[in-house]
Each structure stands twice: as C-alpha cells, then as structure tokens.
Amino acid sequence: VPKMLGLEGKHPDYDPQKEKIIPVVSKEGVKVISMEFLLQNADDAVIWRGPLKMGAINQFIGDVEWGKLDFLIIDLPPGTSDEPLSIAQMIPRADGVIIVTTPQEVALLDVKKSINFVKKVGLQVIGIVENMSGFNCPYCGKEINLFSKDGGKNAAEALSLSFLGSIPIDPEIVPLADKGKPIVSSQAASVSAFEKVIENILAKIQE
C-alpha cells in the first residue's frame, strides 16, 4: 500500500498530548497506516501469531488520530484468518465487506467461504467485484478472457448479492502502481471501470 500510494520511506508522527499516532497522508489526501511504516527495513517479514496481529489491528483502529473521515477502508488478506475476524469484532457496525475475486471457478471457491464467514460474524456483504476481468488486445482490439468470464457476476447472482462491477486487466496499472500513482488519478483506459465500481458501492451503502 505505501508503495502504490507513493509513501515508501515515510513514517507516522506521534501526538504525546493525545497519545495518538498521526497517519501518513498521501498527495491525494488519503490518510494511511500500514505495518510497513513501522518497520526499520521494508523488506523485513512480520511473523506474528494471532494475539500480536490483533493488538496491531486494535492500535491501527483505536490509537490512530484518524480525524473526520469519509470512509475507513481496511485492506485485508483473502480468506477467513485472524485479521477479518478481529475487524468484525472491533467494528461490528461497519457498513460491510467488499469481496474481490477473479473470474475463474477456483478463485470463486474461496470467495464463497469468505462470504459465509462474513455472514457468520454478523457483517453485511456489500457486493462482489470481479478483478482481472478480460484483456483488450492492443493489436486486434478484441477482448481476451484470460481467466474465464463473468465468474464474479454469476456468483453474485447465485448468492443473491450485488455485483459491483468488473475491473479489466490493464497494462497501465502496473507502472503507475510502481511509481506510487493511483490509477484513478491517471488517464488510463480502465479508470471508468474503477469509477463505476465506486458509484455502485456508494449507491449500495446509501440504501
């Protein structure tokens, strides 16, 4: 996350009066907290068991001076591990969870487990986003479905969930992310796909 937002090498400040951590702010005004900010070497591996993970997550949520936010977005690893369980316990009134998948059936098997997990811990599934959804060939102009097609959409329909949209494979995303430039601030072809997903998310949580 720090690399993709151009924040590598940055460190959060600390307010001793409030006893709060001050998040790092990106050029676009996004407040960010990441474990990488707290490591002396960004290449270090963080090998922690459950209780330590829960302590860190608790600090990231409760001990950071977030101030007034439009949204608090928590990027979690896939699956049903300690991290999403901790978040569900700490923020029981969250707007919900966005499930991101790729179109192939193998990925959808894990998605179904994640959806069942979310429901069991009492959170709402806002909807499903299908990533890596097709690739427009720059030579012939045709769409190539490298990872099958419509898997996320079909899963949403089968599970009676909202389908929030598809994000195509876009070669421009990689160099932009490597340079710390969010794609939505660029002129890349897939920006409209991201914007459509955002519109659908906003509409869903405002219902």
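Brief remarks on what is shown
- Here E19 meets each of (1) exposed (fewer than 14 other Cβ atoms within 10 Å of the Cβ); (2) at pLDDT below 80 with one exception, condition (2).
- Test for D70: is it modelled with pLDDT of 90 or more and either closer than 29 Å to V184 by Cα or buried (at least 17 other Cβ atoms within 10 Å of the Cβ) (or both): yes
- Checklist (1) aliphatic (A, V, I, L, M); (2) over 16 Å from N200 (Cβ atoms); (3) in contact (Cβ under 8 Å) with a residue 60 or more places away in the chain applied to V111, failing item: (3)
- Where helices (runs of 4 or more DSSP H) fall entirely within region 102-207, those with at least 1 residues that are open to solvent by 70 Å² or more (accessible area, probe 1.4 Å), among the β-branched types (V, I, T) and modelled with pLDDT of 90 or more are at 191-205.
- Of the numbered criteria (1) in contact with a strand residue (DSSP E or B) (Cβ under 8 Å, 6 or more places away or on another chain); (2) within 24 Å of D13 (Cα to Cα); (3) not β-branched (V, I, T); (4) not in a loop (DSSP other than H, G, I, E, B), the one G67 fails is (4).
- Condition met for I73 (touching a Phe, Trp or Tyr at 6+ places or on another chain (Cβ under 7 Å), under 20 Å from V1 (Cα atoms) and not polar (S, T, N, Q)): no
- Residue within region 161-184 that is hydroxyl-bearing (S, T, Y) and touching a Ser or Thr at 6+ places or on another chain (Cβ under 8 Å) present: yes
- Contacts under 6 angstrom Cβ, first residue in region 9-29 being free of Cβ contacts under 8 Å to residues at least 12 places away in the same chain, partner not in a loop (DSSP other than H, G, I, E, B), 6 or more apart: D13/I22; Y14/I21; V25/K31
- Candidates L5, L39, L52 - the one that is out of contact with any Lys or Arg (no Cβ under 7 Å at 6 or more places or on another chain), open to solvent by 50 Å² or more (accessible area, probe 1.4 Å) and either modelled with pLDDT under 90 or under 30 Å from E172 (Cα atoms) (or both): L52
The values are calculated or read from the model by the stated rules, or taken from the named source; none is laboratory data. Keep in mind the model is a prediction, meaning the values are calculated, not measured. As a convention, Cβ positions derive from the backbone with ideal geometry for all residues, glycine included, and neighbour counts pool all protein chains shown. Side chains included, ligands, DNA and RNA excluded: accessible areas come from the protein's heavy atoms. Shrake-Rupley method; radii C 1.70, N 1.55, O 1.52, S 1.80 Å.
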